[in-house]
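The block underneath contains the structure these notes are about, expressed in structure tokens.
The values are calculated or read from the model by the stated rules, or taken from the named source; none is laboratory data. This structure is a prediction, so every number in the text was calculated from the model and none was measured. Note: ideal-geometry Cβ built from the backbone for every residue, glycine included; neighbour counts use all protein chains shown. Accessible surface areas use protein heavy atoms only, side chains included; no ligands, DNA or RNA. Shrake-Rupley method; radii C 1.70, N 1.55, O 1.52, S 1.80 Å.
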Amino acid sequence: MKLLQERIQRDGTVKEGNVLKVDSFLNHQMDVKLFAKMGEEWKRLFAGQDINKILTIEASGIGIACVAASCFDVDVVFAKKSQSLNIDGDVYSTKVESFTHQRVYDVIVSKKFLGKDDRVLIIDDFLANGCAVLGLIDLVESAGAALVGVGIAVEKGFQSGGRLIRERGIHLESLAIVDEMNCETGEIKFREQ
Ligand code: 5GP
């Protein structure tokens, strides 16, 4: 998506440790008009697919997923990072290693909000090593729901997440794929899409 690439090129900064900072428009301050255009692009890319729910993970996926959910006219559910283990059995849970915080979280979704009648599109801001998305896929499978696909704003193509998800035959649509970035020069190179 040209518009997103141009915005990353203009306002994104490359940090050490393969981190792309886009907090002026994507995941701290949020440009919701850009989000609406991203939502419309996912709607085009997943056209004809039966989707009745969007699933994301807190916190930075929520804004994008909400606007996308409005484009798809469906509800959005976000997986919560939980401090305490739930013993009532009323949640699906999985473990996710955070790329940015380098720790493992228990991540939960209430059984009330994800079930076998759901046809789910997963949305997140970044795809790096794939832990967040694979955790969300695990929750969809635990619920017996159908996974229709995964929509990502920024995939870092030099990390393994995209390959892991495509290898599983999952329909993955990343709106921008960064193939190279350099924290010394600030250069960011995108894959032709
Ligand atoms: P993964 O689980 O695929 O390794 O990483 C994805 C998660 O880590 C995303 O939900 C996102 O919040 C965070 N993340 C990964 N890479 C980056 C990055 O380069 N910049 C930012 N801002 N967040 C990232």
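Being more than 16 Å from the ligand (Cβ to nearest atom) and more than 20 Å from ALA146 (Cβ to Cβ) is true for just one of GLU6, GLU58, GLU16. Which residue is that?
GLU6
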- Do we find a residue being farther than 15 Å from GLU173 by Cα, in contact with a strand residue (DSSP E or B) (Cβ under 9 Å, 6 or more places away or on another chain) and away from the ligand (no atom under 16 Å from the Cβ) anywhere in the stretch 97-107? no
- Message: Any residue at all in the stretch 25-43 that's acidic (Asp, Glu), near the ligand (Cβ under 10 Å from one of its atoms) and within 17 Å of the chain's Cα centre (by Cα)?
- Response: no
- Query: Which strands (runs of 3 or more DSSP E) does the stretch 87-132 wholly contain that include 2 or more residues that are touching a Gly at 6+ places or on another chain (Cβ under 6 Å) and in contact (Cβ under 8 Å) with a residue 60 or more places away in the chain?
  - Reply: 119-127
- Query: For the stretch 1-83, which helices (runs of 4 or more DSSP H) that fit wholly inside it have 3 or more residues that are modelled with pLDDT under 95 and among the aliphatic types (A, V, I, L, M)?
  - Reply: none
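Just wondering, is there one or more residues in the stretch 46-64 that are touching a His at 6+ places or on another chain (Cβ under 9 Å) and of a type in the set (Phe, Trp, Tyr)?
Let us first name the residues in the stretch 46-64 that are touching a His at 6+ places or on another chain (Cβ under 9 Å), namely 46, 49, 60.
Right, trim to of a type in the set (Phe, Trp, Tyr) and you get 46.
Looking through the stretch 46-64, at least one residue is touching a His at 6+ places or on another chain (Cβ under 9 Å) and of a type in the set (Phe, Trp, Tyr).
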- Sort out which residues of the stretch 137-193 are open to solvent by less than 50 Å² (accessible area, probe 1.4 Å), within 12 Å of the ligand (Cβ to nearest atom) and assigned to a helix (DSSP H, G or I), and write them in order of number. ILE137, GLY161, GLY162, ILE165
- Message: Please go through (1) closer than 20 Å to MET30 by Cβ; (2) open to solvent by less than 30 Å² (accessible area, probe 1.4 Å); (3) hydroxyl-bearing (Ser, Thr, Tyr) for THR94 and return the number of the only condition it doesn't satisfy.
- Response: (1)
- Task: Considering only residues that are touching a residue at least 12 places away in the same chain (Cβ under 8 Å) and charged (D, E, K, R), look in the stretch 27-64 and name the one that is surrounded by the fewest Cβ atoms within 10 Å (Cβ to Cβ).
- Result: ASP50
